[in-house]
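What follows draws every value from the coordinates through simple rules; no lab data is involved. The structure presented is a predicted model; accordingly, all values stated were derived computationally and were not measured. Quick reminder, even Gly has a Cβ in these numbers, built from the backbone with ideal geometry, and neighbours come from all protein chains shown.
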Amino acid sequence: MAKSRIKIDDIYRFKLVGEPQCSPDGKRVCFVVETIHKKDKKYYTTLHIVDNNGRNLRALTYGKRHDRLPR
């Protein structure tokens, strides 16, 4: 299987995950997903939440936002 090189436009598909925060009951984790918008050439961040077993992943916020610090 041939390996392909990363191209400049590939960066727009990357999603960076960070700032995890457990819920007080320990059943869920909220975190930030950072993406780069190709047309705007800007970073945007949205909040996502998932059960502690990795199930029920969903976005809490959407679109061109700068949501951070899930507390």
In the stretch 5-49, the trypsin sites (Lys or Arg not before Pro) that fall in loop regions by DSSP, at most 10 other Cβ within 10 Å | Arg5, Lys7, Lys15, Lys27, Lys39, Lys41
With the 8 Å Cα cutoff and a minimum separation of six or more residues, the chain has a relative contact order in percent of 25
Using the Karplus equation 6.51 cos²θ - 1.76 cosθ + 1.60 (θ = phi - 60°), what ³J(HN,Hα) coupling, rounded to whole Hz, does each residue of the stretch 46-63 give in order, writing x for Gly and Pro?
-> 10, 9, 10, 9, 8, 5, 5, 9, x, 9, 6, 5, 7, 7, 8, 10, 9, x
In the stretch 4-71, with Lys and Arg counted as +1 and Asp and Glu as -1 at Cβ, which of these residues, Ser23, Asn53, Leu69, has the Cα nearest the positive end of the dipole, that is, farthest along it?
-> Leu69
Computed label-point distance, nm, for sites Ile8 and Asn53 using a 7 Å Cα→Cβ extension = 4.7
